[in-house]
Amino acid sequence: MNPLLDRLQPYPFEKLRALFAGVTPNPAYKAISLGIGEPKHPTPAFIQQALSDNLNGLASYPSTIGAEPLRAAIAGWLERRYGLPALDAATQILPVNGSREALFALAQTVVDPSQRDALVMCPNPFYQIYEGAAYLSGAQPYFVNSDPARNFAPDYRSVPDDVWPRVKLLYLCSPGNPTGAVLSLEDWQELFALSDRHGFVIAADECYSEIYFKPEAPLGGLQAANILGRTGYPRLIAFSSLSKRSNVPGMRSGFVAGDAAILKKFLLYRTYHGGAMSPPVQAASVAAWNDETHVVENRAKYMAKFQQVTPVLQTVLDVALPDAGFYLWAKVDKLANISDTDFAKRLYAEYNVTVLPGSYLARDAHGSNPGRQRIRMALVAEVDECLEAAQRIAAFCQSL
């Protein structure tokens, strides 16, 4: 067996199941889960219709590069959303089966397995796929802690100078999971300068880009590169997905876009890996990327939800409306000295509400775990259920 598999840690939800083992939640309350970031809003009917209308595509093998109409639809969306000049849909865009598998696979393409001191840089807290991708590529993860003083954006200036030459791939998530932080143009400019100096690839995970609460949409990596005159998006690959934008997590539909030279190698890898998207899913994806009305409506539902839930929680927790995304990242020791794991376990037992301990989403690095004494709450259900959960959390906090 591959010994690198032994480096993988249990997934956060496995840790949560172990934490709750033997606990019987209060039967007076119906179960409400804010633990998993799985969109619960209904899938738009027109996307379902496009999927069913193209089931005859199941009779054909799909190509790894994807059909031209899908790549054209993705290119059009990127150009409209980020104000980009015309993209070459044949070389700068590649459909993928959700951003998760592509985020993992890119490391296998980028990292030279013969370089034993290679690093893959990750934010901390982080999406666990980044760490797993680093280990399975033969590299070591290097964690950059989020900084509450910078609205939880990673503090890249804290990285020692002798670390950067070993970095081969840098994962970032903007808007961030779980913090909701969005990188500024200045942040991007600094990262691009470091990439130019040291030659590492930037993997920009942007799957939460269409759920935001400010008038201006979050800045994207390709957009920042274009503003800064970086023609061709050197050493930059952006990842996006329909899962959150269009409420279709089960379709497993996303894309990567950016540096054509990297995507050429990534396409070669994926041809052998078997990463082709089903033709019916491609057809439904074309419909989704070409429509913005349902995205605006979806964003409005999240806005209404956060506007009602956040004030309730702010009475008892240190929490604020994020820049974007559908998580609240709350500090739990406002009223009592309690750990994030004890908070989650007692809340589940006493009020039958599930939240995810922040320490499960981070690692001990540089003397601290930036997720400790924090919880992540995914406001993915409908408004009434999320509001009831917030009221139960408030009652629990008041009882501490």
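Numbers for the structure displayed
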| item | result |
| --- | --- |
| Residues that are touching a helix residue (DSSP H, G or I) at 6+ places or on another chain (Cβ under 6 Å), more than 20 Å from Y233 (Cβ to Cβ) and either of a type in the set (V, I, T) or open to solvent by 20 Å² or more (accessible area, probe 1.4 Å) (or both), drawn from region 145-190 | P165 |
| Top-ranked residue in region 76-98 [being open to solvent by less than 10 Å² (accessible area, probe 1.4 Å) and in a helix (DSSP H, G or I); ranked as nearest to F126 (Cα to Cα)] | L78 |
| Residue, least open to solvent (accessible area, probe 1.4 Å), within region 255-306, restricted to residues that are assigned to a loop (DSSP other than H, G, I, E, B) and acidic (D, E) | D259 |
| Failed condition for G232, given (1) crowded, with 24+ Cβ neighbours inside 10 Å; (2) of a type outside the set (A, V, I, L, M); (3) part of a loop (DSSP other than H, G, I, E, B) | (1) |
| Residues (open to solvent by 60 Å² or more (accessible area, probe 1.4 Å), closer than 30 Å to E297 by Cβ and of a type in the set (A, V, I, L, M, F, W, C)) located in region 13-46 | A31, I36, A45, F46 |
| For V309: the one exception among (1) open to solvent by less than 10 Å² (accessible area, probe 1.4 Å); (2) of a type in the set (A, V, I, L, M, F, W, C); (3) within 30 Å of R346 (Cβ to Cβ); (4) not in a helix (DSSP H, G or I) | (4) |
| Region 1-12 - residue that is without any contact (Cβ under 8 Å) to a residue 40 or more places away in the chain and assigned to a helix (DSSP H, G or I) and, of those, most open to solvent (accessible area, probe 1.4 Å) | D6 |
| Pick from region 258-294, criterion farther than 26 Å from G229 by Cα, in contact with a strand residue (DSSP E or B) (Cβ under 8 Å, 6 or more places away or on another chain) and not aliphatic (A, V, I, L, M), ranking: modelled with the lowest pLDDT | G275 |
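The values are calculated or read from the model by the stated rules, or taken from the named source; none is laboratory data. The model shown is predicted, which means the values in this text are computed figures rather than measured ones. With ideal geometry, Cβ positions are generated from the backbone for all residues, glycine too; neighbour counts draw on all protein chains shown. Heavy atoms of the whole protein, side chains included, go into the accessibility calculation; ligands, DNA and RNA do not. Shrake-Rupley method; radii C 1.70, N 1.55, O 1.52, S 1.80 Å.
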